[in-house]
Amino acid sequence: MSRRAVIAGSGSALPARRISNAELAETVDTSDEWIVERTGIRFRHVAGEGETTATLATDAARRALDAAGMAAADIDLIVLATATPDQTFPATATKVQAALGIDDCVAFDVQAVCSGFLYALSVAESMIRAGGATNALVIGAETFSRILDWEDRTTCVLFGDGAGAIVLRAEEGGDAGVLSVALHADGRHNQLLYVDGGPSTTQTVGKLRMKGPEVFKHAVVNLAAVLGETLAKAGLGVADVDWVVPHQANRRILDATARKLHLAPEKVIVTVDQHANTSAASVPLAFDTAVRDGRIKRGDLLVFEAMGGGFTWGAAAIRY
Ligand code: COA
C-alpha cells in the first residue's frame with residue numbers, strides 16, 4: 001500500500017486591521033474604481049504592532065491543529081513558506097515551533113515568494129512519502145505590508161498580510177492525499193518582480209518592485225500550463241476537478257487562466273477581493289476560507305496553483 005500525505009486540517013489568520021480601497025485612496029493617488037476594475041481587490045489586512053509573520057503563522061497553525069484534532073506534540077516537521085521572515089535568521093518556522101511548545105522537530109523556511117506554499121507542500125509531501133516525517137505543518141505566512149513602497153500606487157494597492165496552514169498526515173491506502181505536484185522556476189525573469197534590498201547586497205530590507213503588466217502575461221501562460229501538467233501527472237483531466245484554489249493575485253489573472261483551460265469560473269475559489277495578494281499565504285488562506293464556508297468538502301478533487309517572483313510557479317492535485 002502506498003504512503004500518502006493527506007490534509008488532516010487547515011487554519012488561517014489575518015491581522016486585525018482591514019483597509020478598504022477608499023481608505024488607501026486618502027494617501028495614494030488611486031481610486032476604488034481603478035483597483036476593483038483592474039484587480040478585483042476591495043480589502044486587504046495589514047499587520048499592526050505586535051503582529052508579525054511568526055505570530056500570524058502560529059495562529060494559523062493552532063487552528064489547523066484544532067481542525068485536525070491533533071496536538072502540537074504530534075508534529076515532527078514544520079515547513080514555512082515566506083518571503084517576509086521575522087528576521088533574516090533564525091527561520092520563522094523555528095519561532096512557530098517554539099510558540100507551539102514543540103521541543104524537537106524538523107523546522108525550516110522555504111522561499112519561493114508567491115509560489116512558496118506549493119514549494120513547501122512539495123517538500124513536506126516528499127518527506128512524508130519517503131518516511132522522513134509523519135505529521136507536518138505546512139504554513140504560508142507573510143507581512144508584505146512591511147516591504148511595500150507605500151508611495152508607489154502600482155504595487156502598494158495589490159498586497160496584504162496573512163497566514164494559512166495545513167496539517168499533512170501520513171496515511172496508508174485510501175484515495176485521499178496529495179496526488180501530484182509540478183514545480184518550475186525561471187531565473188531569467190528576476191528583474192520583473194523583486195525586492196531592491198537584502199543582507200548580502202544593500203544590508204537593508206528593501207522594497208518590492210514589479211513590472212506588473214509583464215508579470216501578468218507570464219502568469220496566465222505559466223499557470224494554465226502547470227495546472228494541466230499536474231493533472232496529467234495524476235492521470236486526471238480538467239473535467240475531474242471540483243475546485244481550483246489559485247494564488248490570489250488578480251481577479252483578471254484568475255478569469256483568464258480559467259478561460260484558457262475551459263474551466264467553469266464557479267469552480268475557482270476567489271478571495272482576492274477580501275485579502276488582496278498575500279503571497280505565500282494566499283493559497284492556504286483561500287483553501288481554509290472555502291473549507292470553513294462549506295464549499296470544499298471531503299472527497300473533492302482540488303488543484304492548488306501559484307506563481308511568483310523568480311519567476312517560480314507550481315501546482316498540486318489533491319484529493320481532500
Ligand atoms: N491607481 C490608479 N491608477 C493606476 C494605479 C493605481 N493603483 N496603478 C497604476 N495605475 C495607472 C498606471 O500609471 C497607468 O497609467 P498611464 O496609462 O497613465 O501610464 C494605468 O493605470 C495603466 O497601468 P497598467 O500597469 O498598464 O495597468 P494594468 O491594467 O496592467 O494593471 C496591474 C496593473 C499591476 C494591476 C496588473 O498588471 C497586474 O495585476 N499584474 C500582475 C501583478 C501580479 O499579480 N503580481 C504578483 C504575481 S505573484
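Numerical summary
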| read-out | value |
| --- | --- |
| 12 Å beta-carbon shell around residue 92, net charge (K/R +1, D/E -1) | -2 |
| The chain - percent relative contact order, Cα under 8 Å, separation 6 or more | 25 |
| 19 Å Cα-Cα reach of residue 217 towards lysines, excluding residues that sit fewer than 8 places from it in its own chain | 260 |
| Hydrodynamic radius by Kirkwood, which averages 1/r over all alpha carbon pairs of segment 3-172, in angstrom | 16.6 |
| Other-chain or far-sequence residues with amide H under 5 Å of residue 180's (modelled H) | 317 |
| Convex hull of Cα atoms in the chain, direction-averaged projection (nm²) | 15.3 |
| Built amide H within the under 5 Å cut-off of residue 111, gap 5+ | none |
| Förster radius 35 Å - calculated FRET efficiency between residue 149 and residue 242 (Cβ-Cβ, nearest 0.05) | 0.35 |
| Ordering of 210-219, 117-126 by packing [mean C-beta count within 10 Å, highest first] | 117-126, 210-219 |
| Loop sites in segment 23-121: GluC sites (Glu not before Pro), DSSP, at most 12 other Cβ within 10 Å | 26, 49 |
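Throughout, read-outs are computed from the coordinates displayed, never taken from laboratory work. Note that the structure is a prediction, hence the values are computed from the model and not measured. In this analysis, Cβ positions are derived from the backbone assuming ideal geometry, glycine residues included, and neighbour counts consider all displayed protein chains.
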